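**Student:** For reference, the structure I am asking about is given below.
Every read-out reported here was derived from the displayed coordinates using simple, explicitly stated rules and does not represent laboratory data. Computed from a prediction, not measured in an experiment: that's the story for all the values here. Virtual Cβ from ideal backbone geometry, glycine too; neighbours counted across all protein chains shown.
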Ligand SMILES: Cc1cc2nc3c(=O)[nH]c(=O)nc-3n(C[C@H](O)[C@H](O)[C@H](O)COP(=O)(O)OP(=O)(O)OC[C@H]3O[C@@H](n4cnc5c(N)ncnc54)[C@H](O)[C@@H]3O)c2cc1C
């Protein structure tokens, strides 16, 4: 793709810049209702699900237009939208695999955040080895009956609907007996128990399903074809949302540079230290690498390609960057980096963190984001799993080198 801005792109950028200058709220929205209202404002302006097909409420926007909006959001310090799982990868999965009735029923309300979505894949004994999942869905004539337990369900406490993987045939090899469903979270058979995180918040949860009901019409794709559908979800989850992530890091990095200019140590500011400036510059360079990698994935989507295993490279890169970045932030902040709350305004974090799914109502802080920075190396597949995928499916290396040597 051509990464230079055309005259039309420049006009579009100016319009978007003017829109954000006029519309970003003075106080960041904190409660869920306020966040939904801000999300709705972004949707009405055409900035949510920009890459989605027009027939499903998107804009069919080109990757460059999406990149411009992401950049301008960062420049304006705009708060993140909500329903990131729905917009980022559950909606796109329904676009690819859903029936016309499912698309008509669910997609628009995902975009507008009228319905918040969660992902019910992981279980206590099925995380990296997801295909071992044991939650079952049994055919009860006109509907399915679901029993089992899910865990680490992001946005679970606020979700209206979930995308669910459940075993529908226990007698075949494990990958072949799984199906994918859409499930209403507001029903007697579902109990959501929020999990308390090290940050103090509860953005994710355990979900217990006891004779929960799924309508026959809410089976996604064919029966027992859930594994293939999960690959679509995970491909989008690992790759497609990265541009927004870069945006939020850029906001944060700009803020960190301001903090470094304010914070005085040993008679000079942190910014006066060439090593600090070098590390901030290095973070900027890494973010640019992430931006181009995200654009490459978007460019593939523009050509009709679904994100493939190469999304694992983007996922591994941003997860490990997140840890390095927040270690850098804390090393600059010194003792102030230990404050979860009460950081002086001049040194505070300002806007939300890159990993947020938009469900949090906590005030962002450097310390809280440092603690959260461990999470991306685990969710959407751990860093070790991404390395396995890159080795096997991108580089074509043998599956198990040691076993190979022993032959
Ligand atoms: C913040 C957060 C949000 C999440 N949100 C969701 C969600 O919304 N929905 C959802 O379904 N799940 C969610 N998850 C769950 C996440 O997908 C799992 O935690 C992840 O897949 C790892 O599974 P596990 O925790 O069972 O660890 P395990 O799979 O038990 O792994 C333990 C360790 O062993 C390593 N390991 C395992 N297998 C291999 C292997 N084959 N090769 C090399 N190393 C290996 C892992 O890398 C890890 O270090 C979330 C997790 C987090 C942390």
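**Student:** Take the residues in the range 96-122 that are over 22 Å from the mean Cα position of the chain (by Cα) and not in a loop (DSSP other than H, G, I, E, B), then tell me which one is nearest to the ligand (Cβ to nearest atom). Quick ask: steps written out before the conclusion?
**Tutor:** So in the range 96-122, the residues over 22 Å from the mean Cα position of the chain (by Cα) come out as 99-102, 104-105.
From what is left, the residues that are not in a loop (DSSP other than H, G, I, E, B) are 100-102, 104-105.
Details: 100: 27, 101: 25, 102: 20, 104: 25, 105: 22 Å.
If we take residues in the range 96-122 being over 22 Å from the mean Cα position of the chain (by Cα) and not in a loop (DSSP other than H, G, I, E, B), then 102 is nearest to the ligand (Cβ to nearest atom).
**Student:** Only one of these conditions is not met by residue 46: (1) in a loop (DSSP other than H, G, I, E, B); (2) buried (at least 23 other Cβ atoms within 10 Å of the Cβ). Which number is it?
**Tutor:** Among (1) in a loop (DSSP other than H, G, I, E, B); (2) buried (at least 23 other Cβ atoms within 10 Å of the Cβ), residue 46 violates only (2).
**Student:** I'm trying to understand the selection: among the residues of the range 264-291, which are surrounded by 19 or more Cβ atoms within 10 Å (Cβ to Cβ) and over 31 Å from the mean Cα position of the chain (by Cα)?
**Tutor:** Within the range 264-291, 270 is the sole residue that qualifies.
**Student:** Considering 265, 255, which residue is touching a residue at least 40 places away in the same chain (Cβ under 8 Å), closer than 17 Å to residue 77 by Cα and out of contact with any helix residue (DSSP H, G or I) (no Cβ under 6 Å at 6 or more places or on another chain)?
**Tutor:** Numbers: 265 fails: closer than 17 Å to residue 77 by Cα.
Of 265, 255, the one residue that is touching a residue at least 40 places away in the same chain (Cβ under 8 Å), closer than 17 Å to residue 77 by Cα and out of contact with any helix residue (DSSP H, G or I) (no Cβ under 6 Å at 6 or more places or on another chain) is 255.
**Student:** Then there is this: I'd like to verify a number: residues in the range 123-145 that are near the ligand (Cβ under 10 Å from one of its atoms), without any contact (Cβ under 8 Å) to a residue 40 or more places away in the chain, within 19 Å of residue 208 (Cβ to Cβ) and surrounded by fewer than 18 Cβ atoms within 10 Å (Cβ to Cβ), how many?
**Tutor:** Total satisfying the criteria: 2.
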